[in-house]
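Remarks on the structure that follows.
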Amino acid sequence: METQLASRIDGKAIAADLRASLKDRVDALPGNARRPGLAVVQVGADPASSVYVRNKRQACETIGYASFGHELPADTSQADLLALVHQLNADPAVDGILVQLPLPTQIDPDAVIGAIDPEKDVDGFHPFNLGRLVLGQPTFASCTPAGVMVLLERSGVSLKGKHAVVVGRSAIVGKPMAALLLNAHATVTICHSRTPDLGAITRQADVLIAAVGRTGIITGDMIKPGAVVIDVGMNRDDAGKLCGDVEFASAQVVAGQITPVPGGVGPMTIAMLMANTWDSYQKRCAAAP
Ligand code: NDP
């Protein structure tokens with residue numbers, strides 16, 4: 001008998017669709033209307049950060065947003081960066097502010113994130129927005145977990161009453177992911193590095209989200225037959241190839257639906273950043289005198 005393989009959740013196509021619908025909305029704005037504006041701040045020239053920043057600015061240009069790039073030298077002081085953040089907070093052309101992480105060691109990232117106006121925190125990292133998310137109030141949700149929710153929705157996965165297991169508890173992925181799933185009425189379990197017998201828990205998951213950063217930590221024998229498996233991990237294998245936290249070959253013969261890496265969660269992150277920027281723009285336009 002032929003083995004049934006999990007159907008693939010095509011994040012690339014879903015992200016492209018989302019971006020196209022945002023472009024349609026920008027194209028439909030009256031000619032004299034202000035465009036949505038995203039400020040992208042980078043401190044230093046970390047090569048991976050430069051790629052992310054370039055991709056974010058390119059996405060703005062394709063959709064038709066104004067993108068304001070601020071590239072600061074690696075020895076920028078915290079006071080100077082905070083001064084720039086305050087300036088962007090006050091700039092009416094800026095709907096979203098993104099400070100690319102990681103920051104050089106002389107700068108406390110919490111101080112910088114905390115200085116961003118929560119109304120312009122399109123990354124959803126500000127404690128105020130994370131707090132609102134946990135309370136189930138409307139807010140900017142961190143882009144990667146918000147993107148996972150869109151993938152689940154577009155793939156017809158219902159979450160109500162399902163057991164969702166999130167592996168990883170970072171402030172930018174695992175914790176907001178768990179809050180979003182809980183808000184969608186899933187029963188949520190969070191695992192982390194101190195969780196003994198990870199497989200015993202992941203095997204109970206109807207929906208399994210891996211956000212660890214370790215190649216192949218989730219193998220097929222750790223997955224409940226038919227489960228939906230979402231792989232947030234973005235790792236490099238020994239040959240430098242991009243791969244996820246899930247061992248795809250063994251997982252796809254057990255899971256019902258699965259995201260590949262690349263082409264799964266990854267493309268959703270920037271698409272959700274663009275969606276959050278649109279939401280901020282609309283809110284700010286509605287509030288403008
Ligand atoms: P962090 O390193 O901040 O968090 C990793 C989490 O995994 C921690 O909570 C840690 O537990 C947990 N963990 C580590 N080892 C184990 C283990 N053996 N068993 C169970 N849990 C474990 O990473 P991020 O959350 O920032 O990112 C996670 C992954 O997602 C990375 O591969 C990253 O590259 C990727 N990523 C992808 C994005 C995308 O756009 N697709 C965006 C953001 C991240 P503990 O808290 O106990 O240390």
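What the table below lists for this structure:
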read-out	value
Qualifying residues in the stretch 260-286 (those that are free of Cβ contacts under 8 Å to residues at least 60 places away in the same chain and aliphatic (A, V, I, L, M)) - the one nearest to the ligand (Cβ to nearest atom)	261
Residue within the stretch 217-226 that is surrounded by 20 or more Cβ atoms within 10 Å (Cβ to Cβ) and touching a residue at least 60 places away in the same chain (Cβ under 8 Å) present	no
Complete set of residues in the stretch 223-245 that are within 14 Å of residue 6 (Cβ to Cβ) and either within 11 Å of the ligand (Cβ to nearest atom) or part of a helix (DSSP H, G or I) (or both)	230, 231, 244
Only listed residue being within 9 Å of the ligand (Cβ to nearest atom) and of a type outside the set (Val, Ile, Thr), chosen from 200, 211, 186, 178	211
Number of positions in the stretch 4-35 that are closer than 21 Å to residue 284 by Cβ and in contact with a strand residue (DSSP E or B) (Cβ under 7 Å, 6 or more places away or on another chain)	1
Selection status of residue 162, within 14 Å of the ligand (Cβ to nearest atom) and on the phi < 0 side of the Ramachandran plot	no
Selection from the stretch 236-266 of residues that are surrounded by fewer than 17 Cβ atoms within 10 Å (Cβ to Cβ) and polar (S, T, N, Q)	250
Among the residues listed as 77, 67, the single one being surrounded by fewer than 17 Cβ atoms within 10 Å (Cβ to Cβ) and small (Gly, Ala, Ser)	77
Among (1) near the ligand (Cβ under 10 Å from one of its atoms); (2) among the small types (Gly, Ala, Ser); (3) in contact with a Gly (Cβ under 9 Å, 6 or more places away or on another chain); (4) part of a loop (DSSP other than H, G, I, E, B), the one test that residue 171 misses	(3)
Criterion: farther than 20 Å from residue 114 by Cβ and touching a Lys or Arg at 6+ places or on another chain (Cβ under 7 Å) - qualifying residue of 26, 51	26
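Listed here are the residues, each with its yes/no results for (1) under 15 Å from the mean Cα position of the chain (by Cα); (2) not in a helix (DSSP H, G or I); (3) not charged (D, E, K, R).
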{"site": "254", "(1), (2), (3)": "no, yes, yes"}
{"site": "264", "(1), (2), (3)": "yes, yes, yes"}
{"site": "269", "(1), (2), (3)": "yes, no, yes"}
{"site": "279", "(1), (2), (3)": "no, no, no"}
{"site": "285", "(1), (2), (3)": "no, no, yes"}
{"site": "289", "(1), (2), (3)": "no, yes, yes"}
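One line per residue, one yes/no per condition, for (1) over 30 Å from residue 137 (Cα atoms); (2) more than 15 Å from the chain's Cα centre (by Cα):
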site: 155; (1), (2): no, yes
site: 171; (1), (2): no, no
site: 187; (1), (2): no, yes
site: 197; (1), (2): yes, yes
site: 208; (1), (2): no, yes
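Residue-by-condition table, conditions (1) of a type in the set (Lys, Arg); (2) under 17 Å from the mean Cα position of the chain (by Cα); (3) surrounded by fewer than 16 Cβ atoms within 10 Å (Cβ to Cβ); (4) under 29 Å from residue 64 (Cβ atoms):
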| position | (1), (2), (3), (4) |
| --- | --- |
| 91 | no, no, yes, yes |
| 99 | no, yes, no, yes |
| 102 | no, yes, yes, no |
| 116 | no, no, no, yes |
| 119 | no, no, no, yes |
| 140 | no, yes, no, yes |
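A short reminder: the numbers here are calculations on the coordinates, not readings from a lab. Everything numeric here is computed off the predicted structure, so don't read it as measured data. So basically every Cβ, Gly included, is an ideal-geometry build from the backbone, and we count neighbours across all protein chains shown.
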